[in-house]
């Protein structure tokens, strides 16, 4: 395979890694981007020096050479058997290449751009929960209690937590239909701990372990 022209899937992987601008789990490529990169093609990208691969969990990242190849794809022609979506992608990439050239912005600058929170904003770990958040949690606890116990009854917290999990699961199922929310299985099933499996939510016929929320 070495020396042969890159396949459409390999090109799509390089483009995705470039756009993300950082290391990307294989589960993201498969479950979110919809790109299934088989091991021979993944090894080929690694052997050509385009990507670095780490195992357990499987994570891919562009090398400097890979960045160069991905940037070439911005002005590249539509690869064979790319399909309608691939054709539309390369038209968009060509426009983006022209725009970057016009603005005199390097692709690496664009795709590694990160928006930092204001210095005046507390980091998530430091931020105090808002009054609304505290009330929402308290309301959820009261509602869960009411589903399994009578008023004034002493209820083991283990049962309360089980009832809360049922409510959380139902909410996660609803949220999964919302724009910007992805709840997906972890394709590396062997890496799952007992806690991971216990925390999974059942959606359709799959246990799902990972959540991504885009604001």
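The values are calculated or read from the model by the stated rules, or taken from the named source; none is laboratory data. Note that the structure is predicted; figures quoted are calculated from it, not measured. FYI the Cβ positions are ideal-geometry reconstructions off the backbone, even for glycines, and counts take in every protein chain you see.
Looking at 33, 70, which is the one that is in contact with a helix residue (DSSP H, G or I) (Cβ under 6 Å, 6 or more places away or on another chain) and modelled with pLDDT under 90?
33
Does residue 15 satisfy the condition of being at pLDDT 90 or above and more than 25 Å from residue 209 (Cβ to Cβ)?
yes
Here's the yes/no breakdown for (1) loosely packed, with under 11 Cβ neighbours inside 10 Å; (2) modelled with pLDDT of 80 or more; (3) on the phi > 0 side of the Ramachandran plot:
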| site | (1), (2), (3) |
| --- | --- |
| 89 | no, yes, no |
| 101 | no, yes, no |
| 104 | yes, yes, yes |
| 112 | no, no, no |
| 123 | yes, no, no |
| 140 | no, yes, no |
| 170 | no, yes, no |
| 175 | no, yes, no |
| 188 | no, yes, no |
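Could you tell me which residue of the stretch 55-67 is modelled with the lowest pLDDT, considering only residues that are part of a helix (DSSP H, G or I) and surrounded by fewer than 16 Cβ atoms within 10 Å (Cβ to Cβ)?
Taking the candidates together, the pick is 64.
So residue 19 fits all but one of (1) touching a helix residue (DSSP H, G or I) at 6+ places or on another chain (Cβ under 8 Å); (2) surrounded by fewer than 19 Cβ atoms within 10 Å (Cβ to Cβ); (3) touching a residue at least 12 places away in the same chain (Cβ under 8 Å); (4) outside any helix (DSSP H, G or I); what number is the exception?
Looking at each condition in turn, residue 19 falls short on (4).
Could you please give the count of residues in the stretch 76-87 that are in a loop (DSSP other than H, G, I, E, B) and surrounded by 14 or more Cβ atoms within 10 Å (Cβ to Cβ)?
So the count comes out to 4.
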